[in-house]
Amino acid sequence: MGTRKTLVRSRAGVKLLRIEHLAGRQKGLQSSWRLLTLRTNAPRAFADEMEAEDAFDMEVIASLTDPTIIAMQRRGLID
């Protein structure tokens, strides 16, 4: 059984990935979503896509007000 990771959205150092746990012949068996951020928060996993999208939006807002993230954007290190 393999795993396929797909980048769904990325902004301000925040990434939303869809994780598909694959069965035979690359058919999706189970999907989950993972939120990654440059802030000190640990990665978070979600079973519901809408909940993951909402968490992504909130984390982007938080990142855009974080002085470290703002400095990284100004230097062109992140989008």
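Quick look at the values:
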read-out	value
Filter pass, ASP79 being charged (D, E, K, R) and either modelled with pLDDT of 90 or more or at positive phi (or both)	no
Answer residue from the stretch 1-47, given it is under 30 Å from PRO67 (Cβ atoms) and at pLDDT below 80 and is surrounded by the most Cβ atoms within 10 Å (Cβ to Cβ) among those	ASN41
Failed item in (1) in contact (Cβ under 8 Å) with a residue 60 or more places away in the chain; (2) part of a loop (DSSP other than H, G, I, E, B); (3) surrounded by 11 or more Cβ atoms within 10 Å (Cβ to Cβ), with GLN73 passing the rest	(2)
Verdict on LEU38 being among the aliphatic types (A, V, I, L, M) and within 14 Å of LEU7 (Cβ to Cβ)	no
Residue that is farthest from VAL14 (Cα to Cα) [pool: residues in the stretch 27-70 that are assigned to a helix (DSSP H, G or I) and in contact with a Gly (Cβ under 6 Å, 6 or more places away or on another chain)]	ILE69
Pairs where the first residue, in the stretch 45-63, is closer than 12 Å to LEU17 by Cα and the second is surrounded by fewer than 18 Cβ atoms within 10 Å (Cβ to Cβ) and among the β-branched types (Val, Ile, Thr), C-beta under 9 Å, 6+ apart	ALA45/ILE19; GLU49/VAL8; ALA52/VAL8; GLU53/VAL8; PHE56/VAL8
Residue within the stretch 38-51 that is acidic (Asp, Glu), on the phi < 0 side of the Ramachandran plot and in contact with a Leu (Cβ under 8 Å, 6 or more places away or on another chain) present	no
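The values are calculated or read from the model by the stated rules, or taken from the named source; none is laboratory data. Keep in mind that this is a model prediction, so the values were computed, not measured. Cβ atoms come from the backbone with ideal geometry, glycine included; neighbour counts cover every protein chain shown.
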